[in-house]
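The values are calculated or read from the model by the stated rules, or taken from the named source; none is laboratory data. In this text, all values refer to a predicted model and were calculated from it rather than measured experimentally. FYI the Cβ positions are ideal-geometry reconstructions off the backbone, even for glycines, and counts take in every protein chain you see. For accessibility, only protein heavy atoms count, side chains too; no ligands or nucleic acids. Shrake-Rupley method; radii C 1.70, N 1.55, O 1.52, S 1.80 Å.
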Amino acid sequence: MDESRSDLSGPLAGCRVVLTAQRKAEQFAGALERHGATIVHAPTLSVIPNIDDPELVARTRALIDAQPDVVVVTTGVGFNGWAEVAEAEGLSEQWHAMLAGARIIARGPKARGAIQAAGLTPAWVAESETNSEIQEVLLEEGVRGLRIAVQHHGAGADGLDEAFAAAGAEVSSLVVYRWGPAPDPEAVDAAVGLIADRRCDAVAFTSAPGVSAFLDAARDQGLLPEVLAALADENGVLAAVVGNVTAAPLVEHGITPLIPERFRLGSLVRSMVAELSARKQAGEDRRS
């Protein structure tokens with residue numbers, strides 16, 4: 001288990017925070033460390049690019065040959081990875097032209113940002129950052145006879161393909177990256193123990209699959225009841241998540257996590273600093 005050192009003069013001095021994300025882990029940790037927190041790194045999943053996946057390349061070529069009507073982009077990292085696949089295959093210009101000729105739907109600001117960085121403009125953005133909003137809007141408009149390409153997140157299945165196909169669309173599914181196992185399972189097990197024993201102040205999650213993987217690790221150790229109790233206790237371990245989608249597996253277990261107003265890493269850091277500072281002060285007041 002990798003534990004960082006931090007600024008002992010900051011408002012979070014003495015606070016230990018478990019981070020479960022692999023992507024942007026250094027950025028996330030650095031932001032909290034500047035406020036004095038001690039960071040425990042325990043990524044629950046790894047991100048594995050599918051750049052060498054022949055099926056992804058074949059589907060990209062097929063979309064270039066048969067122009068899609070709609071392209072749904074669910075993640076910024078997935079869209080960027082798709083661009084890398086096109087570039088590696090010498091298809092960048094054709095890929096870009098294919099997208100420019102389609103109606104591009106983005107799941108939230110991160111997807112929109114990646115699309116705009118590629119010199120393209122999304123026709124519509126699901127501000128709730130949920131696939132359910134995309135599904136609801138497109139089905140209400142009608143998709144029968146449309147050719148729809150869906151770039152999925154790492155977990156793959158999200159119901160969009162099935163819903164659009166059932167409504168009469170021709171769907172092409174694109175999984176640009178997938179979730180792999182924890183890079184250091186022992187670190188995850190140790191982090192589970194920290195939370196079960198309430199020897200840390202907070203745990204942060206940035207993806208729903210990451211939450212599920214952590215809860216599965218707790219279950220495998222026979223510590224799920226203790227972990228859930230620690231997270232449910234308002235004086236226990238703070239569970240912090242980047243958005244509503246990430247929160248879902250915790251909510252299913254009766255946990256109400258801290259969710260920032262804006263579903264961004266910076267907003268999550270600010271919310272965590274404010275909440276942990278308040279908890280720290282309350283604890284000091286109780287002892288005085």
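Take the stretch 27-36 and flag every residue that is open to solvent by 10 Å² or more (accessible area, probe 1.4 Å) and either in a strand (DSSP E or B) or in contact with a Pro (Cβ under 8 Å, 6 or more places away or on another chain) (or both). So that I can check it myself, show each step before the final result.
Applying the first criterion (open to solvent by 10 Å² or more (accessible area, probe 1.4 Å)) to the stretch 27-36 yields 27, 30-31, 33-35.
Result: His35, single match.
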task = Tell me, please, whether a residue that is at pLDDT 95 or above, in contact with a helix residue (DSSP H, G or I) (Cβ under 7 Å, 6 or more places away or on another chain) and not aliphatic (A, V, I, L, M) can be found in the stretch 167-175.
result = no
inquiry  = For Gly236, only one of the following conditions fails: (1) open to solvent by less than 30 Å² (accessible area, probe 1.4 Å); (2) at pLDDT below 90; (3) of a type in the set (Gly, Ala, Ser); (4) farther than 18 Å from Ala182 by Cβ. What is its number?
reply    = (2)
key: Residue within the stretch 264-281 that is assigned by the TED database to the domain that holds Ala25, under 16 Å from the mean Cα position of the chain (by Cα) and crowded, with 21+ Cβ neighbours inside 10 Å present   = yes
note = Subset of the stretch 159-171, residues under 25 Å from Ser46 (Cα atoms) and either surrounded by 13 or more Cβ atoms within 10 Å (Cβ to Cβ) or in contact (Cβ under 8 Å) with a residue 40 or more places away in the chain (or both), comes to Leu160, Asp161
task = Six or more apart or on different chains, Cβ under 6 Å: which pairs go from a residue in the stretch 27-51 that's at pLDDT 95 or above to one that's part of a strand (DSSP E or B) and open to solvent by 20 Å² or more (accessible area, probe 1.4 Å)? Could you list them?
result = Thr38/Arg16; Val40/Glu3; His41/Asp2
task = Specify which of the listed residues (Ala218, Ala247) is over 19 Å from Asp197 (Cβ atoms), open to solvent by less than 50 Å² (accessible area, probe 1.4 Å) and in a helix (DSSP H, G or I).
result = Ala247
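Please specify each residue of the stretch 131-158 satisfying the condition of being in a loop (DSSP other than H, G, I, E, B) and either open to solvent by 30 Å² or more (accessible area, probe 1.4 Å) or touching a His at 6+ places or on another chain (Cβ under 8 Å) (or both). Even if it seems obvious, please write down each step before you answer.
Taking the stretch 131-158 and keeping what is in a loop (DSSP other than H, G, I, E, B), we get 142-146, 153-158.
Result: Gly142, Arg144, Gly145, Leu146, His153, Ala155, Ala157, Asp158.
Per-residue answers, yes or no, for (1) touching an Asp or Glu at 6+ places or on another chain (Cβ under 8 Å); (2) open to solvent by less than 20 Å² (accessible area, probe 1.4 Å):
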{"site": "Arg16", "(1), (2)": "yes, no"}
{"site": "Thr38", "(1), (2)": "yes, no"}
{"site": "Asp53", "(1), (2)": "no, no"}
{"site": "Ala88", "(1), (2)": "no, no"}
{"site": "Ser92", "(1), (2)": "no, no"}
{"site": "Ala97", "(1), (2)": "no, no"}
{"site": "Ala111", "(1), (2)": "no, yes"}
Residues (charged (D, E, K, R) and touching a residue at least 12 places away in the same chain (Cβ under 8 Å)) located in the stretch 54-71 = Arg59, Arg61, Asp69
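Condition test on Ala126, is it in contact (Cβ under 8 Å) with a residue 40 or more places away in the chain and either surrounded by 15 or more Cβ atoms within 10 Å (Cβ to Cβ) or over 22 Å from the mean Cα position of the chain (by Cα) (or both)?
On the way: in contact (Cβ under 8 Å) with a residue 40 or more places away in the chain: no; either surrounded by 15 or more Cβ atoms within 10 Å (Cβ to Cβ) or over 22 Å from the mean Cα position of the chain (by Cα) (or both): yes.
No: the conditions fail for Ala126.
Could you check, for the stretch 231-243, whether at least one of its residues is farther than 16 Å from Ile195 by Cα, in contact (Cβ under 8 Å) with a residue 12 or more places away in the chain, of a type in the set (Val, Ile, Thr) and not in a strand (DSSP E or B)?
Looking through the stretch 231-243, at least one residue is farther than 16 Å from Ile195 by Cα, in contact (Cβ under 8 Å) with a residue 12 or more places away in the chain, of a type in the set (Val, Ile, Thr) and not in a strand (DSSP E or B).
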query = Do the conditions hold for Val188, that is, is it touching a helix residue (DSSP H, G or I) at 6+ places or on another chain (Cβ under 6 Å) and open to solvent by 40 Å² or more (accessible area, probe 1.4 Å)?
reply = no
Any chance Gly10 is modelled with pLDDT of 95 or more and surrounded by fewer than 18 Cβ atoms within 10 Å (Cβ to Cβ) = no
